[in-house]
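Data first, discussion second: the structure below is written as structure tokens.
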Amino acid sequence: MITLAALFGGFYSVVMAMNGRYDLATVGIFVAMVLDSLDGRVARLTNTQSAFGEQMDSLSDMVSFGAAPALIAYEWALKDLGRWGWIAAFVYCACAALRLARFNVNTGVVDKRYFQGLPSPAAAALVAGFIWLMTELGVPPHDVTWPMFVITLYTGLTMVTNVPFYSFKDLSLKKSVPFASIVLVALAIAVINIHPPTVLFALFVVYGLSGYGVYCWRKAKGRPTSVISTSTDEPDERGLHD
């Protein structure tokens, strides 16, 4: 049910974009992102994981974080670029599909602490966050057409790189939460409420660049930059991830 609600968020975003309500369209993407972060955790906490749920989650992600952001970006600004606009939108959409397919295949061989490439919800948040911020500031789309083009291509291509992005999956919800963490969460909510479009977009810009920072740091320290394990017990996976 949570996954279906996230799918509705993506569908709602496309409908709102078709009606020129880009503020609501971008909010729908962020709502879908919150729901997407919950469905897997709820399934694990309630011991209700299933292969069907995994496939449903991927299909929902493709709509909410692949097709929807690409269509919204195209309708909002990229269509003014003609051929270049729909090429950028398609590259983003195609890269989201490739990233989700690779994620499903590499689930058993990737270091759980990191994502291989920019996760699709974060990519969608960068695209939607930029549109939301410009809409709130009253900036007309034709003034930021090329920045939208760059952001769309950057997020799309970064999704299919091997750059490691921290996944936060090593944070356990089953353990007691330190009091300091609760205070930090309260402070984070207060900061976001100052101006949600600006703060959220800034946070995802930092996250969207963090992977390259981790990659360069590992490279400088002589550590492996790939998050793929060097060996696996799955016979069908041997030799595919070198």
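Taking a cut-off of 28 Å between Cα atoms, list the lysines near Lys169, but don't count ones fewer than 8 places away on the same chain. Partners found: Lys112, Lys219, Lys221. In a simple Cβ point-charge model (Lys, Arg +1; Asp, Glu -1; nothing else charged), the chain has a dipole of about 620 debye relative to its Cα centre. Cβ crowding within 10 Å ranks Thr145, Thr3, Thr26 as Thr145, Thr3, Thr26, fewest other Cβ atoms first. Multiplying the residue separation of Phe179 and Trp217 by 0.36 nm and subtracting their alpha-carbon distance yields 10.6 nm. 3J(HN,Hα) along segment 79-91: 5, 5, 8, x, 4, 5, x, 6, 5, 4, 5, 5, 4 Hz, from the Karplus curve 6.51 cos²θ - 1.76 cosθ + 1.60 with θ = phi - 60°, whole Hz, x for Gly and Pro.
Annotation: extensible slack from Leu24 through Ser50 equals 6.1 nm (criterion: 0.36 nm per residue apart, minus Cα-Cα distance). Taking amide H atoms as placed 1.01 Å from N in the peptide plane, the amide H of Phe115 lies under 5 Å from those of Phe165, Tyr166, Ser167, each 5 or more residues away in sequence or on another chain. Calculated [222 nm] ellipticity per residue, helices only, for the chain: -22000 deg cm²/dmol; basis is -39500 (n - 2.57) per DSSP H run with n ≥ 4, divided by all residues, nearest 500. Of the peptides 34-45, 93-104, 153-164, 60-71, the ranking by mean beta-carbon count within 10 Å, highest at the top, reads 60-71, 153-164, 93-104, 34-45. Set against the labelled values (1) 148; (2) 113; (3) 268, volume of the Cα convex hull per residue in Å³ computed from this structure falls on (1).
Rule-based calculations on the coordinates, nothing more; no lab input. A quick note: this is a predicted structure, and the numbers were derived from the prediction, not measured. Note that each Cβ is placed from the backbone with ideal geometry, even for glycine, and that neighbours are counted across all protein chains shown.
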